[in-house]
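Just below is one structure, and these are the notes that go with it.
The values are calculated or read from the model by the stated rules, or taken from the named source; none is laboratory data. Worth saying up front: this structure is predicted, and the values here are computed from it rather than measured. Cβ atoms come from the backbone with ideal geometry, glycine included; neighbour counts cover every protein chain shown.
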Ligand SMILES: [Zn+2]
């Protein structure tokens with residue numbers, strides 16, 4: 001079973017359609033069982049399409065950039081917070 005952190009690390013390639021099928025399957029499997037990850041991706045309307053074995057979504061560049069930023073944020077969160085960010089706490 002893939003962890004949320006592993007998913008976050010692979011998510012970029014997944015969304016680019018560059019991930020080998022076995023990894024895509026792992027991600028889809030994880031997404032069926034993991035609420036936080038589902039909520040994260042569903043807010044971008046990508047989960048369902050990607051996991052139905054359809055061709056990769058043609059995403060507008062703007063949306064893709066937003067998604068990439070969100071993926072980074074998600075990855076940081078799943079990596080255990082921002083303790084290494086060096087930013088002062090709010
Ligand atoms: Zn998860």
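Observations on the model:
- Residue in the range 24-36 that is modelled with pLDDT of 80 or more and more than 14 Å from the ligand (Cβ to nearest atom) present: yes
- Within the range 5-35, being more than 20 Å from residue 64 (Cβ to Cβ), touching a helix residue (DSSP H, G or I) at 6+ places or on another chain (Cβ under 7 Å) and not in a helix (DSSP H, G or I) holds for one residue alone: 34.
- Cβ-Cβ under 6 Å pairs, at least 6 apart or on other chains, the range 1-15 side farther than 17 Å from residue 35 by Cβ and in contact (Cβ under 8 Å) with a residue 24 or more places away in the chain, far side within 12 Å of the ligand (Cβ to nearest atom) and in a helix (DSSP H, G or I): 14/27
- All of (1) within 12 Å of the ligand (Cβ to nearest atom); (2) under 10 Å from the mean Cα position of the chain (by Cα) hold for residue 3 with one exception: (2).
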